[in-house]
1. Ignoring ligands and nucleic acids, what accessible area does I51 show with a 1.4 Å probe (Å², nearest 10)?
2. Relative contact order, percent, of the chain when contacts are C-alpha pairs under 8 Å separated by at least 6 residues?
3. Over the alpha carbons of the chain, what is the largest minus smallest coordinate on each principal axis, giving the biggest first in Å?
4. If you take the charge dipole of the chain about its Cα centre, with +1 on Lys and Arg Cβ and -1 on Asp and Glu Cβ, which of I31, I51, I10 is farthest toward its positive end?
5. Note the angle between two axes, namely the Cα long axis of helix 18-37 and the longest principal axis of the Cα atoms of the chain, as a number of degrees from 0 to 90, rounded to the nearest 10.
6. Run the reach check for K3 against aspartates and glutamates, Cα to Cα strictly under 19 Å, same-chain hits fewer than 8 apart removed. What comes back?
7. My understanding is that a pair violates if its Cα-Cα distance is over 30 Å; which of K30/K53; K12/K83; K18/K53; K18/K75; K58/K91; K12/K75 do that in this structure?
8. Taking a point 7 angstrom from the Cα of E57 along the C-beta vector, which residues in segment 71-87 have backbone N less than 18 Å away?
Amino acid sequence: MTKAEIVNEISKTTGLDKANVLETIEQFMKIVKGSLASGNNVYLRGFGSFIVKTRMEKTARNISKNITITIPEHKIPAFKPSKVFMEEVRK
């Protein structure tokens, strides 16, 4: 499902116009990204959590050049679904 399809579905079910729904979704994503970028997690009860995970430093190999490189510790965004969310998807 794409963002446009989500906007259409929300607009159809709520009766709100698509422009307002799109702006709301854009603002939601902007707030979540900003929160994660500043190191804060976002918790949505009954849905899940947008969290920042830290990947530890590791050694990797570049096979084509036959050299070993070090990948430094870095942070990545992740989503952890709630138990309710998982139960509904598994049905």
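1. Estimated to the nearest 10 Å², I51 gives 30 Å².
2. Contact order relative to length: 21 percent.
3. 59, 30, 28
4. I51
5. Taking the Cα atoms of the chain, the angle to 18-37 is about 30 degrees.
6. Within reach: D17, E23, E26.
7. Beyond 30 Å: K18/K53; K18/K75; K58/K91; K12/K75.
8. 71-76
The values are calculated or read from the model by the stated rules, or taken from the named source; none is laboratory data. The shown structure was predicted, so the numbers you read here are calculated from the model rather than taken from an experiment. Glycine also receives a Cβ, built like all others from the backbone with ideal geometry; neighbour counts cover every protein chain displayed. Calculation scope for accessible area: heavy atoms of the full protein, side chains included, ligands and nucleic acids excluded. Shrake-Rupley method; radii C 1.70, N 1.55, O 1.52, S 1.80 Å.
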